[in-house]
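I have placed the structure first, in the form of structure tokens, so that the comments after it can refer back to it.
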Amino acid sequence: MKNSPRQRNIIILGSAYPLRGGGIATYNERLARAYQQHGDTVSIITFSLQYPSFLFPGTTQYSTESPPEDLHIEVLVNSVNPLNWLKVGRLIKKRRPDLLVLRYWIPFMGPCLGTISRIVRRNRHTRIVAIVDNYIPHERRPGDKLFSKYFIKPIHGFVTMSRQVLSDLAKADKKKPRQYCPHPLYDNFGALQPKATARERLGLPVDGRYLLFFGFIRDYKGLDLLLEAMATQEVQQTDARLIVAGEFYADAKPYHDIIAKHKLQQRVILATQFIPNDAVADYFNAADLVVQPYKEATQSGVTQVAYHFEKPMITTNVGGLSEMVPDGVTGFVVEPDVKDIARAIARFFEEDKEEEFVENIKKEKLKFSWERMLEAIDEVARGS
């Protein structure tokens, strides 16, 4: 890293173990390791209560995996208890970290993180940088704008992983330093392995073609579009099967109805439970093609897992997704439309694009380093 002081004391405030290793928790833990590799002292402060039950659509918020032995994680923050915010704020203020990195992905967290930040600033030492996943949420609720405005006021600067979020922030705050940095690779899920090995581990036939939809299933992610595409004649002619790997965070019935309507039971494999970190590699290694048919998005960590496992992608032209997948180079970018998605799937197999795309992915993935993310955070902190 250039011109960056080492041996700093850094606190990352956001999701981490014992919360389940979804995208944000996995990211925060990987970010902590990146700082540790540079000699910094790093603590992660995570939530004792992240969401009240009415905001959490999954089965459980907590991990069943073993705790990471190489990280110092403190379970301290209650997202709905203002007295707790004051306590945590005073604790961090007293510790005087050189850098406090916050993750902001939903306005619900605005009052909690905004209050903690205001208290920490009073030590006149700690620089506070927010990595903002979304400023305007995908699923909007009353109070979103007010909560986000409250959050950004005490922050010294911002890093975003999509240009759309950078633009959203610029409309809300024109003065503070902000920088776009692409989402780094998720390189912590294991090694590349032959498709046959992964398919055997998943109990799938070794031969055949497999598409992968991966991640929590929310309505804005467009799984319904992909299921409808699976029913089209041009995709049926490819003999491709679809693996859906991820827990439902939306009503499952409409998706099951589509499968039943088009008699897709033999062509859609539902692994609709939470996928633990140690199982992620098998799903990506087993696939020929990763499909992200999102109707709305900013950025997606799924893209960066696919890059690590060198899997071509089909993604939709929404938010920042197309920034990460050059059309015709590492995959196809299409509109969030059933016919467009179907046409791209058929084209991938008919034109034998896999080998070409994989070679391009090997080059493209070099752009997405954790080193660059650390530099972006430091540049924003210094510029504030």
Would you be able to tell me the number of residues in the stretch 343-379 that are modelled with pLDDT of 95 or more, closer than 16 Å to M313 by Cβ and either of a type in the set (G, A, S) or touching a His at 6+ places or on another chain (Cβ under 8 Å) (or both)?
-> 2
Any hit, the stretch 227-244, residues being in a helix (DSSP H, G or I) and within 20 Å of the chain's Cα centre (by Cα) | no
The number of residues in the stretch 209-220 that are over 18 Å from R347 (Cβ atoms) and modelled with pLDDT of 95 or more is 2
For the stretch 190-215, what are the residues that are surrounded by fewer than 18 Cβ atoms within 10 Å (Cβ to Cβ) and not in a helix (DSSP H, G or I)?
-> G190, A191, L192, Q193, P194, G203, P205, V206, D207, G208, R209
Need at least 2 residues that are over 16 Å from P182 (Cβ atoms) per element, so show me which helices (runs of 4 or more DSSP H) inside the stretch 293-384 make the cut, counting only ones lying wholly within it.
-> 338-350, 354-364, 370-382
Filter result (touching a Lys or Arg at 6+ places or on another chain (Cβ under 7 Å), farther than 21 Å from L49 by Cα and among the β-branched types (V, I, T)) within the stretch 109-150 | T126, I128
Of the residues A191, A229, A198, which is modelled with pLDDT under 95 and either in the same structural domain as G331 (by TED's automatic domain parsing) or under 30 Å from E29 (Cα atoms) (or both)?
-> A191
What's the number of the condition F248 fails, among (1) more than 30 Å from E355 (Cβ to Cβ); (2) free of Cβ contacts under 8 Å to residues at least 60 places away in the same chain?
-> (2)
Under the condition of being surrounded by fewer than 18 Cβ atoms within 10 Å (Cβ to Cβ) and touching a residue at least 12 places away in the same chain (Cβ under 8 Å), which residue from the stretch 327-342 is nearest to L289 (Cα to Cα)?
-> V329
So which residues in the stretch 238-248 are under 18 Å from G215 (Cβ atoms) and either among the small types (G, A, S) or surrounded by fewer than 16 Cβ atoms within 10 Å (Cβ to Cβ) (or both), if there are any at all?
-> A245, G246
Here are I116, I128, I155: which of them is in contact with a His (Cβ under 8 Å, 6 or more places away or on another chain) and modelled with pLDDT of 95 or more?
-> I128
Among residues belonging to the stretch 90-109 that are hydrophobic (A, V, I, L, M, F, W, C) and assigned to a helix (DSSP H, G or I), point out the one that is surrounded by the fewest Cβ atoms within 10 Å (Cβ to Cβ).
-> L91
From (1) touching a helix residue (DSSP H, G or I) at 6+ places or on another chain (Cβ under 7 Å); (2) of a type in the set (K, R); (3) closer than 24 Å to Q233 by Cβ, pick out the condition that doesn't hold for K365.
-> (3)
By residue number, the members of the stretch 247-292 that are at pLDDT 95 or above, of a type in the set (A, V, I, L, M), within 28 Å of Q193 (Cα to Cα) and in a loop (DSSP other than H, G, I, E, B) are A287
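The values are calculated or read from the model by the stated rules, or taken from the named source; none is laboratory data. Just so you know, these numbers come straight off a predicted model, no measurement behind them. Quick reminder, even Gly has a Cβ in these numbers, built from the backbone with ideal geometry, and neighbours come from all protein chains shown.
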